[in-house]
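K.L.:
Take a look at the following structure, please.
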Amino acid sequence: MNQQLLSVNLDFSQLQQIIKTTIAEEMAKHSFVNNLPYMINRSKLKEILGIGETKATEIMNRADFPVCREFGNPLIPRDLFVRWVEQHTEWIDKNASDSIFRRNDVA
């Protein structure tokens with residue numbers, strides 16, 4: 001079996017820059033999530049996902065979507081929402097416009 005090895009030559013400053021950039025990108029994502037309200041309303045959901053009213057209704061009516069209707073208006077707990085998005089990233093990639101959660105490598 002013929003295996004090819006990938007060889008990468010980086011000097012210390014290049015490696016340092018790659019690490020710094022990656023950390024900054026991840027920190028920006030966490031900062032965004034931490035700045036969301038603890039309970040997300042329909043308007044904020046539409047803004048976050050870059051979707052319209054019809055798609056928001058569709059998502060909020062899914063049996064697996066974490067929505068609380070006990071307080072009159074439907075509200076989504078932030079932490080459960082983030083977990084749901086992570087578990088359904090492919091669905092988000094196919095159905096939402098550009099948003100903070102959309103992966104860059106998906107057209």
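K.L.:
May I ask you to say which residue of Ile51, Ile59 is of a type in the set (Val, Ile, Thr), closer than 19 Å to Thr89 by Cα, out of contact with any strand residue (DSSP E or B) (no Cβ under 6 Å at 6 or more places or on another chain) and not in a helix (DSSP H, G or I)?
P.N.:
On inspection, the qualifying residue turns out to be Ile51.
K.L.:
Here's another thing I want to ask about it. Which one of these does Asp64 not meet: (1) among the acidic types (Asp, Glu); (2) in a helix (DSSP H, G or I); (3) surrounded by fewer than 10 Cβ atoms within 10 Å (Cβ to Cβ)?
P.N.:
Single failed check for Asp64: (2).
K.L.:
Within region 67-81, count every residue that is over 21 Å from Lys29 (Cβ atoms) and surrounded by fewer than 13 Cβ atoms within 10 Å (Cβ to Cβ).
P.N.:
Going through region 67-81 one residue at a time, the tally reaches 6.
K.L.:
Further question on the same structure: Of these, Ile92, Ile100, which one is at pLDDT below 95, in a loop (DSSP other than H, G, I, E, B) and out of contact with any Asp or Glu (no Cβ under 7 Å at 6 or more places or on another chain)?
P.N.:
Every option except Ile100 fails the conditions.
K.L.:
Somewhere in region 33-43, is a residue at pLDDT below 90 and outside any loop (DSSP other than H, G, I, E, B)?
P.N.:
Looking for residues that are at pLDDT below 90 and outside any loop (DSSP other than H, G, I, E, B), one finds at least one in region 33-43, hence yes.
K.L.:
Answer yes if at least one residue in region 28-46 is surrounded by 10 or more Cβ atoms within 10 Å (Cβ to Cβ), touching a residue at least 60 places away in the same chain (Cβ under 8 Å) and on the phi < 0 side of the Ramachandran plot, and no otherwise.
P.N.:
Yes, region 28-46 has at least one match.
The values are calculated or read from the model by the stated rules, or taken from the named source; none is laboratory data. From a predicted model like this one, the values you see are computed outputs, not experimental measurements. Because the Cβ atoms are built from the backbone with ideal geometry, glycine has one as well, and the counts that use them run over all protein chains shown.
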